[in-house]
1. Among the numbered criteria (1) open to solvent by less than 40 Å² (accessible area, probe 1.4 Å); (2) touching a Leu at 6+ places or on another chain (Cβ under 7 Å), which single criterion is violated by Val96?
2. Taking Arg52 and the conditions (1) basic (Lys, Arg); (2) at pLDDT 95 or above; (3) open to solvent by 60 Å² or more (accessible area, probe 1.4 Å), which numbered condition does it fall short on, given that it satisfies the others?
3. Can you tell me how many residues within the range 29-42 are open to solvent by 60 Å² or more (accessible area, probe 1.4 Å), modelled with pLDDT under 95 and in contact with a strand residue (DSSP E or B) (Cβ under 9 Å, 6 or more places away or on another chain)?
4. For Thr75, are the conditions met, namely being open to solvent by 40 Å² or more (accessible area, probe 1.4 Å) and among the hydroxyl-bearing types (Ser, Thr, Tyr)?
Amino acid sequence: QVQLVESGGGTVQPGGSLRLACAASGFTLPGYAISWFRQAPGKERELVACMRATRYYAPSVKGRFPISRDDAKNTVYLQMTHLVPEDPAVYYCAAVQTVLVCQDKRSDDYPYWGPGTQVIVSS
C-alpha cells in the first residue's frame, strides 16, 4: 500500500530551523516527483519545493529550505532554516510518477499525499 508520512513538525522561534521528513512506503522514489506543499489557514495550498531529477523552490523559500532525497531510506527531507512568521502552515508531502520536471505538475496531479505535519513559528 502506498503511503507517505511526514514528520519533524513542531514549534520553533523565528530564525530557527526544522527538518521535515517524508517517509515513503509501497513504492520507491526513483521515477517519482516528490513535492512539499504547505497550507496556512485561509490561504491556498502552495508548492514549497519539489524534486525529481532536478530541484525547484518557491521564491519565498529559495535559499532557506533545501530539499533532499535519501534513496536508501526512501525518504525526502525539507531542511527549513531561517524560519519567519510567514512560514507557519501544515506541510504536506506528495508524490506522483512522472518524467516531467516537478514544478510542471499541479496539486491535483498528485495521487499520493501524506497526512501533513504542522509547523509553528513563534517567539
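1. The failed condition is (2).
2. Among (1) basic (Lys, Arg); (2) at pLDDT 95 or above; (3) open to solvent by 60 Å² or more (accessible area, probe 1.4 Å), the lone unmet condition for Arg52 is (2).
3. Number satisfying all stated conditions: 1.
4. For Thr75, the condition - open to solvent by 40 Å² or more (accessible area, probe 1.4 Å) and among the hydroxyl-bearing types (Ser, Thr, Tyr) - is not met.
The values are calculated or read from the model by the stated rules, or taken from the named source; none is laboratory data. Here the structure is a predicted model, which is why all the values come from computation and not from measurement. Every residue, glycine as well, gets a Cβ built from its backbone with ideal geometry; the counts of neighbours run over all protein chains shown. Each accessible area value is taken on the protein alone, full model and side chains, heavy atoms only, with ligands, DNA and RNA left out. Shrake-Rupley method; radii C 1.70, N 1.55, O 1.52, S 1.80 Å.
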